[in-house]
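J.: One structure follows; several queries about it will come next.
Please treat every number below as a calculation from the coordinates, not as lab data. These numbers were taken from a predicted model, which means no experiment stands behind them. Virtual Cβ from ideal backbone geometry, glycine too; neighbours counted across all protein chains shown.
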Amino acid sequence: MTMDELKKIKESYIDERRKEIDEGYISVDVHMGTCGIASGAKNIHLALLEEMGKAAVTNVKLKITGCAGLCSMEPMITVLIPGASPVKYGKLDVKKVREIFYSHILGGHPKVEYAIGHGLESPQKRVGIE
Amino acid sequence: MISSVSRIAYCASSKCKFRKHIDMKGLLKKTLDELGYGERIPLVETDCLISCYQGPSIMFLPGGKVFQVLTEENFTETLKGLFSSLQHPTSPLLSEPRTAKEIPGIESVDFFAKQRLIVLRNRGHIDAENIEEYIAHDGYLGLYKALTAMTPEEVVGEVKTSGLRGRGGAGFPTGRKWDEARKYKTYPKYVICNGDEGDPGAFMDRSVMESDPHAVLEGMIICGYATGANQGYIYVRAEYPLALKMLRTAIVKAREKGFLGRNVMSTGFDFDIEIYPGAGAFVCGESTALMFSVEGKRGMPRTKPPRSTESGLWGKPTCLNNVETFANIPQIIINGGDWFRRIGAEDSTGTKVFSLTGAVKNVGLVEVPMGTDLRTIIFDIGGGIRGNAKFKAVQLGGPSGGCLTEDELHLPVTFDSLQEAGAIMGSGGIVVMDDSNCMVDVARFFTQFCVDESCGKCVPCRVGLKVMLGTLEKIITGKGEPEDLKILEKQAHHIQATSHCGLGQAAPNPVLSTLRYFHHEYEAHIFEKRCPARVCVDLIHFEIDREKCTKCGLCSKVCPVAAITWEKKEYPVLDKEVCIRCKSCIRACKFKAII
């Protein structure tokens with residue numbers, strides 16, 4: 001591993017993300033730390049997978065990440081749609097996440113009532129669009 | 001515009017069904033059959049698609065366009081129009097019921113606004129099992145910089161400049177520790193990451209290991225390079241299965257990419273890391289006990305000196321740091337020690353991750369610059385006390401820490417200021433308590449914890465704590481005598497002065513700090529035989545105060561053993577013989593009529 005190889009990994013990752021964003025891929029981060037799992041994040045993940053199967057969508061990518069920090073709002077997800085500010089949702093259950101799936105992920109209308117905030121925290125950035 | 005339809009989703013909730021009395025499924029089937037699409041377009045039953053007051057609605061997939069169903073006729077028309085041209089539909093496209101603008105920006109959400117992320121910068125953001133993603137977020141850049149552009153002395157120098165102090169609790173300057181470990185010329189040397197997070201109410205290390213394990217590995221490799229070690233161990237509690245899994249995956253991936261193993265990043269430096277799951281002993285979070293545990297011996301602290309940096313694991317120089325300390329290192333190397341020094345307070349630089357729990361609204365992980373005052377953490381970030389209760393105390397530093405009152409909330413959180421007030425920074429657990437907590441009971445809880453977790457090696461901790469626990473139990477059960485307070489204080493000072501390791505020396509802290517700030521509660525227990533917070537069951541009379549009672553009978557309804565009898569418009573009667581003192585009636589009574 002040299003600096004060039006390190007750079008190459010970084011660039012190829014960014015290229016990949018950029019390509020996905022250009023193609024309109026919607027990314028959904030499910031926050032699955034121990035705290036998230038304990039409050040039901042696995043069911044949220046399964047529900048999203050199930051809905052994706054039912055609706056036969058191919059442009060949604062689920063990503064499992066760690067805890068987003070706000071334990072009292074778990075389980076949480078973040079919906080990242082290209083061209084729009086990412087939206088963090090909290091205190092979800094299977095029913096709510098289904099609503100978000102159709103309204104926001106497929107329809108593009110954020111579910112305001114379940115949203116915590118939009119945007120990413122200060123040092124975080126969406127690799128590929130900055 | 002819709003160019004193709006593969007599926008149609010419709011809201012099957014009862015709300016939509018009854019709003020217009022339209023049988024959506026039947027209608028859709030009928031219309032599709034008429035159009036000749038029949039089974040070719042599957043229907044998907046879903047929950048609410050957009051907004052109930054605009055229902056019923058359907059959604060075309062792919063694309064996700066939503067249409068409102070106004071009347072049956074209109075709907076059939078729409079579908080027919082749509083399918084004949086697959087172009088402009090005649091049904092109105094739903095306008096956004098509520099706009100995304102109503103969602104606040106994350107920077108204006110209280111919980112996130114005042115945080116400054118260094119250690120947690122990748123929280124909830126990257127996939128911990130994807131090393132490429134970590135690299136894309138400047139991962140392993142610090143390691144590369146250290147290995148290629150800096151000598152070990154320079155790395156140590158940079159850490160010294162940063163002013164970073166150990167995040168495990170004691171706050172020993174990390175740079176000095178690394179320097180000491182580097183100076184000894186005995187080989188092999190070791191690096192150990194302490195992930196044995198055992199304090200009740202602390203979970204920040206777990207979160208770092210779960211969501212950003214590579215940052216910990218990177219910090220350890222840099223430490224290995226700086227101190228001249230070739231082997232690292234991560235000691236993680238076995239109660240953290242997800243953290244273990246993430247770390248294991250991370251190590252395998254890092255080896256594949258050449259960040260671990262022989263010839264790290266083609267620089268000729270060898271370093272490897274192994275995981276050692278702990279078996280659940282609190283004392284194994286103490287550095288020397290931890291090392292014995294890794295060696296396969298019984299985890300008990302030993303006398304210092306020699307310090308671990310001189311003679312640690314297997315009698316070799318060992319550099320042991322906390323998870324959070326290591327996670328800071330890559331950022332310090334990338335951005336420089338001066339950058340880190342500018343964050344935080346004078347003698348405590350950088351940020352600290354706290355796990356904020358207890359009676360606050362926003363429970364979670366909080367990373368703030370050192371020197372932020374407790375009020376900001378509890379009331380701004382934490383959102384204040386949950387429900388209508390009042391703030392009573394905040395417990396910092398777990399069983400080795402202490403309780404502070406509202407008067408101390410202005411204190412900036414640094415290693416030194418907290419120590420002076422009788423609490424400690426500890427690993428960073430903040431437990432907020434409201435007025436439903438009895439401080440004597442809290443002291444008993446932590447003392448019980450220390451009694452359970454004492455390794456038993458030295459007498460003051462093993463016997464002294466038991467004496468303290470017995471005294472506290474006496475007070476709680478209403479058998480307390482005035483001299484018990486003196487016994488407690490004397491015993492606490494003895495244990496502090498004569499215990500062998502940090503665990504024992506700090507164990508009386510909860511008792512001492514509650515004695516200092518909540519003396520009146522101890523007095524109420526001893527002299528008035530009364531528990532002001534009504535927690536200690538033996539000090540509750542379980543009698544009905546007729547002045548406060550409104551004869552509502554709720555207490556009688558909730559009593560699980562039917563000890564309270566009540567007739568309409570009569571005062572309830574409590575049979576003390578039957579009562580099991582479960583406090584259900586106290587919780588149910590809105591008028592505090594049960595005393």
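J.: Would you please state the base-10 log of I(q)/I(0) at q = 0.19 1/Å for region B:291-413, with intensities from the Debye formula using one equal scatterer on every alpha carbon?
T.: For region B:291-413, the Cα-only Debye profile gives -1.07.
J.: Additional query: With no solvent and one point on each alpha carbon, what is the Debye value of log10 I(q)/I(0) for region A:53-113 at q = 0.12, 0.21, 0.24 Å⁻¹?
T.: Taken in order of the listed q values, log10 I(q)/I(0) reads -0.29, -0.92, -1.18.
J.: Measure out, as a whole number of angstrom, how far apart the alpha-carbon centroids of region B:166-216 and region A:3-25 sit.
T.: Measuring centre to centre over Cα atoms gives 33 Å.
J.: From the C-alpha coordinates alone, can you work out the Kirkwood hydrodynamic radius of chain B, in Å?
T.: One over the average 1/r among Cα pairs gives 28.3 Å for chain B.
J.: Still on this structure, I have one more. How well do other chains shield peptide A:68-78, expressed as the mean number of their Cβ atoms within 10 Å of each residue Cβ? Please list the in-between numbers first.
T.: Values: counts 9, 18, 9, 9, 11, 4, 2, 0, 1, 1, 3.
Mean partner shielding for this stretch: 6.
J.: Please report, in whole Å, how far the alpha carbons of region B:517-563 spread along each principal axis, starting with the longest.
T.: Over region B:517-563, Cα extents along the principal axes are 38, 24, 17 Å.
J.: For B:T71 and B:V561, compute 0.36 nm times the residue count separating them, minus their Cα-Cα distance, and round to one decimal in nm. Before the final figure, lay out each step's value.
T.: Numbers: separation 490, 0.36 × 490 = 176.40 nm, distance 5.74 nm.
In short, 170.7 nm is gained.
J.: Could you work out how far apart the two model spin labels at B:E239 and B:E153 are, taking each label as a point 7 Å from the Cα in the direction of the beta carbon, and quote it in nm?
T.: 4.5
J.: Okay, next question. Out of residues 5 or more away from B:D373 or on other chains, whose amide H comes under 5 Å of its own, with H placed 1.01 Å from N in the peptide plane?
T.: B:V413
J.: What residue among A:Y114, A:S85, A:V28 has its Cα farthest toward the positive end of the dipole of chain A, where the charges are +1 on Lys, Arg and -1 on Asp, Glu, each on the Cβ?
T.: A:Y114
J.: For every helix of n ≥ 4 consecutive DSSP H residues, a contribution of -39,500 (n - 2.57) applies; sum these over chain A, divide by its total residues, and give [θ] at 222 nm rounded to the nearest 500 deg cm²/dmol.
T.: -11000 deg cm²/dmol
J.: Further question on the same structure: Which value in deg cm²/dmol, rounded to the nearest 500, describes the helix-derived mean residue ellipticity at 222 nm for chain B, given -39,500 (n - 2.57) per DSSP H run of n ≥ 4 and division by the residue count?
T.: Computed mean residue ellipticity for chain B: -11000 deg cm²/dmol.
J.: Once the principal axes of the Cα atoms of region B:473-595 are found, what is the range along each, listed largest first in whole angstroms?
T.: Over region B:473-595, Cα extents along the principal axes are 62, 24, 24 Å.
J.: Using only Cα atoms, locate the centre of region A:69-119 and the centre of region B:233-263, then give the distance between them in Å, rounded to an integer.
T.: When both Cα centres are located, 32 Å separates them.
J.: With every atom except the alpha carbons ignored, what do you get for Rg and Dmax of region A:1-50, in angstroms?
T.: That works out to 16.1, 42 Å for Rg and Dmax.
J.: Now for a different question. Just the C-alpha atoms of region B:528-595: what Rg/Rh do they give, with Rh taken as the Kirkwood radius?
T.: 0.93
J.: Please report, largest first and rounded to whole Å, the three semi-axes of the ellipsoid equivalent to region A:1-113, where each semi-axis is the square root of five times an eigenvalue of the C-alpha gyration tensor.
T.: Values: eigenvalues 136, 68, 30 Å².
They are 26, 18, 12 Å, listed from largest to smallest.
J.: Between A:V87, A:V28, A:V57, find the one with the highest GNM mean-square fluctuation for chain A; connect C-alpha pairs within less than 10 Å.
T.: Taking springs between Cα atoms under 10 Å, the residue moving most is A:V57.
J.: Right, here's the next one. Tell me, what is the FRET efficiency for B:T498 and B:S266 to the nearest 0.05, using R0 = 51 angstrom and their Cβ-Cβ distance as r?
T.: The value I calculate is 0.45.
J.: To the nearest 20 Debye, how big is the dipole of region B:240-394 about its Cα centre, given +1 on the beta carbon of each Lys and Arg and -1 on that of each Asp and Glu?
T.: The dipole of region B:240-394 has a size of about 460 debye.
J.: Same structure again: Pulled fully out, how much extra length does the chain show between B:D127 and B:I334, if you take 0.36 nm times their separation in residues and subtract their Cα-Cα distance?
T.: 72.3 nm
J.: Right, another one. Which Rg and Dmax, in Å, describe the Cα atoms of region B:359-449?
T.: 12.3, 33
J.: Could you work out the mean projected area of the convex hull around the alpha carbons of region B:121-250, in square nanometres to one decimal?
T.: Over every viewing direction, the Cα hull of region B:121-250 projects on average to 8.4 nm².
J.: Could you identify which residue out of A:I77, A:I14, A:I37 has the top mean-square fluctuation in a GNM of chain A using Cα springs shorter than 10 Å?
T.: A:I14
J.: Counting only residues 5 or more places away or on other chains, whose amide H sits under 5 Å from the amide H of B:G429 once H atoms are built in the peptide plane?
T.: Hits under the 5 Å cutoff: B:S355, B:G397, B:G398.
J.: Over all directions, how big on average is the projection of the convex hull of the alpha-carbon atoms in region B:413-543, in square nanometres?
T.: Mean orientational projected area (region B:413-543, Cα hull): 8.2 nm².
J.: Which value, in Å³ per residue, describes the convex hull spanned by the Cα atoms of region B:433-503? Don't skip to the answer; put the middle values down first.
T.: Working: hull volume 6.7 nm³, N = 71.
Spread over its residues, the Cα hull of region B:433-503 gives 94 Å³ apiece.
J.: Could you calculate, for the protein assembly as shown, the ratio of the Cα radius of gyration to the Kirkwood radius, expressed as Rg to Rh?
T.: Rounded to two decimals, Rg over Rh is 1.05.
J.: Continuing with this model, one more query. So if we plug the beta-carbon distance of B:D407 and B:A588 into 1/(1 + (r/R0)^6) with R0 = 25 Å, what FRET efficiency do we get, rounded to 0.05?
T.: 0.15
J.: For the pair B:S14/B:I487, report the inter-label distance in nm, with labels modelled 7 Å from Cα in the Cβ direction.
T.: With each label point 7 Å from Cα toward Cβ, the separation is 6.2 nm.
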